[in-house]
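What follows is a short report on a single structure.
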Amino acid sequence: MACQFSIPFKGNASTIISRVNEAITKAGGSFTTAGNTGSFHISPPIGKISGEFAIEASLMKINISHKPVFIPCKTIEQYIARYLAE
């Protein structure tokens, strides 16, 4: 089941992309980017999470294309929003 949401952020896009890249790769995932768009894959113990993102102005638009069934989309959105607010 896919999830789509947009999260506002403060700061510039390149800083946000660098922070997300660092967090995902530090957790053993992969992150690719081309300008202000990209994709990510991470496999925490709870199951694989994959998605794409695009930055437009001060919004990070995220599409989660694969996630464990038992994790609600809202939980993923809230986690990412907290991380971007730091």
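Some notes on this structure:
- Inter-label distance for K61 and T15, nm, one decimal - labels placed 7 Å from Cα along Cα-to-Cβ: 2.4 nm
- Mean sequence separation of contacting Cα pairs (under 8 Å, at least six apart), scaled by the length of the chain, corresponds to a relative contact order of 34 percent.
- Scattering curve values for the chain, log₁₀ I(q)/I(0), Debye with Cα scatterers, q = 0.13, 0.14 Å⁻¹: -0.37, -0.43
- Contour minus Cα-Cα distance for Q4 and H41 (0.36 nm per residue): 11.7 nm
- Lys pairs, the chain - Cα-Cα below 19 angstrom, 8 or more residues apart or on other chains: 5
- Other-chain or far-sequence residues with amide H under 5 Å of H66's (modelled H): S50
Taken together, the values in this text are just the output of simple stated rules run on the coordinates, not laboratory data. These numbers come from a predicted model, not from an experiment. Neighbour counts are summed over all protein chains in view; Cβ atoms, including those assigned to glycine, are modelled from backbone coordinates with ideal geometry.
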